[in-house]
Amino acid sequence: MFPFLFAALITVSPAPPSGDNPAHEPQMAVSGSFTGLTYGAGDSIYFISSRDAGKTFTAPVRVGGGAVIALNRHRGPRIAIAGNVIAVTAVAGKTLSTAPHAHGLPSDGDLIVWRSTDRGVTWSNGTVVNDVPGAPTEGLHTIAADAHGNLFAAWLDHRGGKGTRLYGARSTDGGTTWSENVEIYASPDGSICECCHPTAAFDAHGQVLVMFRNWLGGSRDLYLTRSRDGVNFSKPEKLGMGTWQLNACPMDGGGLVIAGGRIVSAWRREHDIFLASPGEKEVDLGSGVDVSIAAGSSGVYAVWSTPAGIKAMLPGNKEAAPIAKTGSFPNVVSLPGGHALAAWEDDGRIVVQQLP
């Protein structure tokens, strides 16, 4: 039995601090000693930052918002740091959907990006990334940045009424302008998994990687596609050797990092969390859902939810350790010096903890 890994545990209050506007789905990005954290509350997206490895954070700043913002089941905001630009994205619309299984979603949602060039003190007006109105209204999306200030966004797309497809767009000017949208992948079976978020990353060579949950032959497995130009993508390759036959959507997309020059993915199949690299057998980390992954100088960190709270797999360990008795939708990033920072939502608050 592992002891709880309580270290540098702090709580960040939602903004505004009201039970009517609980804070949801924190996401972080790191640049040197600077950590940016975004989350959603009510009809707004907020930002806080830390310069001391998550021990203290600035007061919340409102990034932007909309009449209806997607904030549940991995639909919350995303963040990336591209050079001196912090980019925060969210899907927002004007009208609440009345469709079945669309609780809290806009019927006309667009993927919006807000930019800050002063470390999150002030934010630009929102820019729409999608070039067909309402196409990303499901709210499930991702954004990634490389070391040269390039950004790539990907999302689940409903344009044309042809089932859910994977679309993307790139920016070469820190998110000021965005390319024409490109279809990354369309399943020959009519739709990819409709409710699992994609994950994008850049490798050391500037190649764009996008992981998503496919739907082929009745199986809902994770696939990886690659592109050197953000326009032309490779045939997706399945991750892991097993498969998940499922006539439903798990609403759980996983994570993707580059660790020691290798691609490492983390995702859920049935009741367990797995790590996998392309072409290799997956490694079972234990039971759970909603995994997040980060790569640092010490190795790979994975953090996920269980009925008993939040668990973490630390570099070099063979078993997951509990880090909190309650909480959900954790996110983890690596810090300089070999540590990592985890954040999650808990009863309307955002909790942040440094991991050894």
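Just so you know, all these numbers are worked out from the coordinates, no wet-lab data involved. Please read these numbers as outputs of a predicted model, since none were measured by experiment. In this analysis, Cβ positions are derived from the backbone assuming ideal geometry, glycine residues included, and neighbour counts consider all displayed protein chains.
In debye, nearest 20: dipole of the chain around its Cα centre with unit charges on the Cβ of K, R (+) and D, E (-)?
Numbers: 27 positive and 31 negative charges, 70 e Å.
Computed about the Cα centre, the dipole is about 340 debye.
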> Any idea what the relative contact order of the chain is, in percent, if you count C-alpha pairs under 8 Å spaced at least 6 apart?
Replying inline: 14 percent
> In whole Hz, what ³J(HN,Hα) sequence does the range 49-61 give by Karplus (6.51, -1.76, 1.60; θ = phi - 60°), x for Gly and Pro?
Replying inline: 9, 9, 10, 10, 6, x, 6, 9, 10, 5, 5, x, 10
> Can you count the Lys pairs in the range 10-355 whose Cα atoms are under 23 Å apart, with each pair 8 or more apart or on different chains?
Replying inline: 9
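How much net charge surrounds Leu335 when only the other residues with a Cβ under 13 Å from the Cβ of Leu335 are counted, with Lys and Arg +1 and Asp and Glu -1? Before the final figure, lay out the partial values.
On the way: positive: Arg51, Lys55; negative: Asp52.
Here the count lands on +1.
Over the chain, what lengths in whole Å, largest first, do the semi-axes of the equivalent ellipsoid take, defined as the square roots of 5 times the eigenvalues of the alpha-carbon gyration tensor?
Numbers: eigenvalues 137, 122, 83 Å².
The equivalent ellipsoid of the chain has semi-axes of 26, 25, 20 Å.
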> Stretched out fully, how many nm does the piece from Thr326 to Ser277 gain, at 0.36 nm a residue minus the Cα gap?
Replying inline: 14.6 nm
> Where does each of Glu138, Glu194, Glu180 land when they are ranked from fewest to most other beta-carbon atoms within 10 angstrom?
Replying inline: Glu180, Glu194, Glu138
> Across the range 327-339, in residue order, what do the Karplus-derived ³J(HN,Hα) couplings come to in whole Hz, using 6.51 cos²θ - 1.76 cosθ + 1.60 with θ = phi - 60° and x for Gly and Pro?
Replying inline: x, 7, 6, x, 9, 9, 9, 8, 10, x, x, x, 9
>> Can you give me the distance in nm between label points at Ala248 and Lys94, each placed 7 Å from the Cα along the Cα-to-Cβ direction?
In response: 3.7 nm
>> Under the 0.36 nm per residue contour assumption, what length would be gained going from the current alpha-carbon distance of Ser297 and Ala147 to full extension?
In response: 52.3 nm
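Ranked by Cβ crowding within 10 angstrom, fewest neighbours first, how are Lys238, Lys311, Lys94 ordered?
Working: Lys238 17, Lys311 25, Lys94 12.
Ranking Lys238, Lys311, Lys94 by Cβ neighbours within 10 Å, fewest first, gives Lys94, Lys238, Lys311.
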> Residue-wise, which Karplus ³J(HN,Hα) couplings in Hz belong to the range 159-168, taking 6.51 cos²θ - 1.76 cosθ + 1.60, θ = phi - 60°, and x for glycine or proline?
Replying inline: 4, x, x, 10, x, 6, 10, 9, 10, x
